[in-house]
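A.B. asks: Take this structure, written in structure tokens, and hold onto it; I'll ask about it next.
The values are calculated or read from the model by the stated rules, or taken from the named source; none is laboratory data. Given the structure is predicted, the values throughout are model-derived calculations rather than measurements. Cβ placement follows ideal geometry from the backbone for every residue including glycine, while neighbour counts extend to all protein chains displayed. Calculation scope for accessible area: heavy atoms of the full protein, side chains included, ligands and nucleic acids excluded. Shrake-Rupley method; radii C 1.70, N 1.55, O 1.52, S 1.80 Å.
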Amino acid sequence: MSAPAHAAVSPTLPTPDGELSASIVDYLSGATASVATVPDVDPVGRDAQLALSICYELHYRGFHDVDDEFEWDPEILTFRRSIEQPFLAHVRDAVEDGDDAVAEMDALSVEPRSGSGPSWFLRDDGTWDHMREYFTHRSLYHLKEADPHAWAIPRLIGQAKASYVAVEFDEYGGGRGDHVHQQMWSALMDAAGLDSSYLGYLDRVPAQTLVWVNLMSLFGLHRSLRGATVGHLAATEITSSPGSRRFVDGLRRLGAPDACVAFYAEHVEADAVHEQVLRHDVVGDLLRREPELERDVVFGMRALAYVEDALADHIMGAWQKGESSLMQR
């Protein structure tokens, strides 16, 4: 599947999915002179989450034929805030409060012996079509992997900053372009016969996928949520290695291309090391300096679990019915 040449840098604006997303698309494309808010929308519905995705992408690669100056447009920032506030409130209401980051990381480090989520299903029973569909969901994040968390770097100091950068350095390939995890994911998509262009499947993924990705940007783009960003990354790295091992097993069972296996094999080893760095040198040092952030660190960890569980439930619910978990266009 080929994509426009410009998609390698900046994607095209997506197809709207309601009043909110239509409003921001019309404004960015010059069809209207202002962007309008819509009251009483579902903050985790697809329309709101697509609109939020569009706003966030202005801080990443932007969009083809959309002026980069829109990144700091006051109307867009106000519009974005009108969605962010109820979105964050929804996640806070859904996640139980906690104040012990060490206990939280200890609990996350205990690998379950069984499970019902996609990684377990794809390890043992899933088909190659199931695996490719899962790749489609994950592409919205992995083609920008590490970028949302990178916003925290200038907000940290001392050992926490140094060690956080060390983890991100690995995510960005350790100085080797072909080892950048985003690039490795692009190679995986190509090997699987899927569209590897940035945001190539934005019009196909459901609200649950957008919620999962948008949460990272919400945390990363707000200094007040730096503790949540650190907690989110810590939980991501702690839980990644066991899940990646299951994917390696599933991909080998299916005889998948080497590029697909290589991505997950890389994460089995790298993320096991990252777990220790984040535990002691990032979270530990951050909370010694700013102990008041401990609740936010735990919130970031639990918020990740909440949105990942919601996406997993959506995917598995569809597959158990013999249906696709993607939007049908």
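A.B. asks: So which residues in segment 49-87 are part of a helix (DSSP H, G or I), in contact (Cβ under 8 Å) with a residue 24 or more places away in the chain, open to solvent by 40 Å² or more (accessible area, probe 1.4 Å) and under 24 Å from H232 (Cβ atoms)?
C.D. replies: Within segment 49-87, S82, P86 meet the criteria.
A.B. asks: For segment 18-48, how many residues are under 10 Å from I83 (Cα atoms) and open to solvent by less than 60 Å² (accessible area, probe 1.4 Å)?
C.D. replies: Residues that pass the stated criteria total 6.
A.B. asks: Another question, then. Considering only residues that are in contact with a helix residue (DSSP H, G or I) (Cβ under 9 Å, 6 or more places away or on another chain), surrounded by fewer than 19 Cβ atoms within 10 Å (Cβ to Cβ) and part of a helix (DSSP H, G or I), which ones fall in segment 109-129?
C.D. replies: Those that are in contact with a helix residue (DSSP H, G or I) (Cβ under 9 Å, 6 or more places away or on another chain), surrounded by fewer than 19 Cβ atoms within 10 Å (Cβ to Cβ) and part of a helix (DSSP H, G or I): W120, D124.
A.B. asks: For the condition farther than 15 Å from G117 by Cβ, open to solvent by 40 Å² or more (accessible area, probe 1.4 Å) and hydrophobic (A, V, I, L, M, F, W, C), what is the one hit in V261, V273, V298, V268?
C.D. replies: V273
A.B. asks: Regarding segment 274-296, can at least one residue be identified that is under 20 Å from the mean Cα position of the chain (by Cα) and without any contact (Cβ under 8 Å) to a residue 24 or more places away in the chain?
C.D. replies: Checked against the condition, which is being under 20 Å from the mean Cα position of the chain (by Cα) and without any contact (Cβ under 8 Å) to a residue 24 or more places away in the chain, segment 274-296 yields no hits at all.
A.B. asks: Look through L278, L251 and report the one residue that is surrounded by 17 or more Cβ atoms within 10 Å (Cβ to Cβ) and at pLDDT 95 or above. Let's see the steps before the verdict.
C.D. replies: Working: L278 fails: at pLDDT 95 or above.
Of L278, L251, the one residue that is surrounded by 17 or more Cβ atoms within 10 Å (Cβ to Cβ) and at pLDDT 95 or above is L251.
A.B. asks: On to the next question. List, please: which pairs have Cβ atoms under 7 Å, are six or more places apart or on different chains, and start with a residue in segment 23-41 that is among the aromatic types (F, W, Y) and end with one that is surrounded by 10 or more Cβ atoms within 10 Å (Cβ to Cβ)?
C.D. replies: Within 7 Å, the pairs are Y27/V35.
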